[in-house]
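Below: one structure, written as structure tokens.
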Amino acid sequence: WVRGDRRCCVIQRIASARICPHLMARIGEGDNRWIVRERDDGRNCNNWHWTSKDISAHMKKTLADQLQTAAFPSPLEGFAIKSCEVTGDASINNRKGRTFLMYELEIKLKWEAELRDSDGVCLESCKGSMKLPDVSATMLDDLDVDFTCKTKEGRLATAMRKQGVVHVKKLIEKLVTDLQEEVRAQQAESAADTTLKRTSAPPPPKPIPMPTPIHVCAEPGPRPVGGALAADSSDDEGSAEDEPPPPPLALALRAIRENQKVVQLSNCAIKDSHLPRLVEALHHSQCAVETLDVSFNRITDAGVHVLCKALATGCALELTKLYLGGNKASVSGIALTQQLKQMRSDLVVDWKQQLRDAQSLCTVGNVYAGSPAQRAGLVSADSIVAFGHIQHRDYKSVADSIVPIVKGSVGKPIDVVVVRMGEGGQVQQVQLTLVPQEWSGGGLLGCILK
């Protein structure tokens with residue numbers, strides 16, 4: 001692993017230590033030149049390492065207070081927000097000197113409106129509520145609003161539905177943007193204070209001179225060939241590079257080079273090692289992809305980094321929608337896409353954990369105890385919306401579409417996406433991994449699909 005001059009230097013030091021063992025440190029002793037001590041101005045220098053600070057309470061209180069005191073423009077002067085409830089989490093994250101505001105919030109508003117004449121007599125009144133279920137960085141410029149009006153439709157309700165909703169969305173977007181700028185300003189001020197402390201600190205002590213190393217001339221010997229460590233690492237690298245892409249990805253790579261605008265690759269078992277091929281196709285001169293869906297795959301933060309780096313350097317310039325929900329990425333991966341959005345404002349990155357246009361293929365009936373299906377987490381009444389790469393566009397029946405995949409994947413994992421009722425009565429999509437295999441019962445899965 002050590003190459004060039006560094007390898008020679010290491011050989012010299014080893015040889016010197018063998019000839020002069022007194023140069024080596026004894027157990028329990030150390031050289032001050034190599035002892036790393038914590039310093040107040042040196043911890044997490046330049047915010048290089050990932051740090052996170054919870055600001056949920058501050059952000060929720062700020063949003064609630066600002067929304068309740070917000071004024072509506074003409075012709076909505078008689079409208080007012082009576083109550084505001086904000087739930088969710090928010091945090092400030094630092095990585096490599098960059099600051100990110102991460103938040104996933106839900107906002108519930110109750111509003112009232114009155115229409116009065118010139119004498120102050122109330123001519124019409126109404127009230128209702130708004131719910132914004134997903135206020136996050138990926139959805140800030142396209143917020144979903146559930147609007148309800150408790151009174152019968154009239155001029156006030158129509159005005160609130162058409163103009164009031166738009167005003168509330170813009171107001172929330174502005175408040176969140178102001179909070180982001182506030183966080184960045186505080187971070188810049190903190191960095192300036194740290195720099196000032198460093199400049200005023202006393203100069204570091206001069207290093208202790210090193211003793212002259214003893215040079216040993218040794219006859220160069222042959223380099224080891226076929227060592228266990230070298231063989232293992234080469235095999236791993238070779239397997240990652242030589243691993244063929246999944247069949248749906250192989251077809252998509254050809255289609256991308258033929259001006260296909262929508263590429264659907266959700267739940268296709270795509271891993272980080274497959275992404276260089278995809279990036280190469282997206283760099284093709286004939287690439288015209290506008291929508292790329294790689295949700296519910298096995299992409300980690302490293303894979304997200306590969307995609308973001310390629311898209312930030314001029315890859316797939318016509319791409320406007322990228323779906324990444326349901327992958328194995330963490331908050332770090334989501335932060336990378338936020339940075340990408342600053343470079344490509346026209347690109348929408350969707351992290352919602354749901355398949356687009358999902359439709360039920362079949363329903364899970366009985367799940368037998370100890371079966372592969374039970375070990376994977378399938379439960380009765382689950383609705384399967386994706387079985388491997390098969391979704392409703394290619395689905396025919398259980399016998400024609402699912403059984404061949406199961407028989408051809410004995411001992412191999414199959415990614416399955418199901419729809420089920422979660423906690424609180426909310427419908428959610430969950431990805432499970434099935435491994436068909438022989439067991440004490442009948443079939444390879446141990447469940448009934450109908």
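The values are calculated or read from the model by the stated rules, or taken from the named source; none is laboratory data. These numbers come from a predicted model, not from an experiment. When we count neighbours, we look across all protein chains shown, and the Cβ atoms used for this are built from the backbone with ideal geometry, even at glycine. Just so you know, the surface numbers come from the protein's heavy atoms only, side chains and all, with ligands and any DNA or RNA stripped out. Shrake-Rupley method; radii C 1.70, N 1.55, O 1.52, S 1.80 Å.
Summary of computed values
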read-out	value
25 Å Cα-Cα threshold exceeded, pairs from K82/K174; K53/K271; K261/K341	K53/K271
Cβ charges +1 (Lys, Arg) and -1 (Asp, Glu), total dipole of the range 308-450, debye	180 debye
Sulfur and carbon atoms: percent of accessible area, the range 362-437 [1.4 Å]	52 percent
Accessible area (Å², per residue) of the range 238-371, counting only protein heavy atoms and a probe of 1.4 Å	45 Å²
Normalised alpha carbon radius of gyration of the range 288-367 [divisor 2.2 N^0.38 Å]	1.24
Per residue accessible area of the range 406-448, 1.4 Å probe, in Å²	55 Å²
Charge dipole (debye, nearest 20) of the range 71-143; +1 at Cβ of Lys and Arg, -1 at Cβ of Asp and Glu	500 debye
At 0.890 mPa s and 25 °C, Stokes diffusion of the range 312-450 via Kirkwood alpha-carbon radius, µm² per second	145 µm²/s
The range 83-128: mean projected area of Cα convex hull, nm²	5.4 nm²
Sulfur and carbon atoms: percent of accessible area, the range 79-126 [1.4 Å]	40 percent
Furthest towards positive pole of dipole, Q437, G365, A381, structure part the range 291-450, Cβ charges	Q437
Positive-pole candidate from F100, A70, A57, dipole of the range 50-126, charges at beta carbon	F100
